Amino acid sequence: MSEDKGEDVPATIDEVEDNLKQVLINRKDDYTYGREVLYTTAERLQDILDSAVQMAQESEHPRAVEVAVQAANALADTAGKLMQHHVYVDKLNNPKGQETKQVTNNNLNVKLSTKDLLELLSRE
């Protein structure tokens, strides 16, 4: 009976790996879809805001100004949600919170003799 369990382990590992790959694909699709929805919402709110501001300027009615302010607030909220969306994705991709260190090495290899270096320094 213990032999059956040993034979099932590789199959179970393959199944878990396949499920993990599908979850990662779904996560990426969800991220892309959520980002597209937020962008579309922001673009529509920008159009609404432009129209509301134009109407408020033409009519000078307090209610028109209030509508323009509400549209501006909604647009700002959507922009904030977009930024929060990026934070959530970063947390999902890096659950331990480790920052990735980017190292830049600026090495300059110059093959000069001491005489050449002294000559260059004396020119300046």
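Computed quantities for the displayed model
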quantity: Checking Leu82 against (1) farther than 20 Å from Arg35 by Cα; (2) assigned to a helix (DSSP H, G or I), the condition it does not meet; calculated: (1)
quantity: Among (1) without any contact (Cβ under 8 Å) to a residue 40 or more places away in the chain; (2) over 11 Å from Thr78 (Cα atoms); (3) surrounded by 11 or more Cβ atoms within 10 Å (Cβ to Cβ); (4) charged (D, E, K, R), the one test that Asp29 misses; calculated: (3)
quantity: Exclusive hit being without any contact (Cβ under 8 Å) to a residue 40 or more places away in the chain, in a helix (DSSP H, G or I) and touching a helix residue (DSSP H, G or I) at 6+ places or on another chain (Cβ under 7 Å), set Val23, Val53, Val37; calculated: Val53
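No value in this document is a laboratory result; all are computed from the given coordinates. These numbers were taken from a predicted model, which means no experiment stands behind them. Ideal geometry is used to build each Cβ from the backbone, glycine not excepted, and the neighbour counts take in all protein chains shown.
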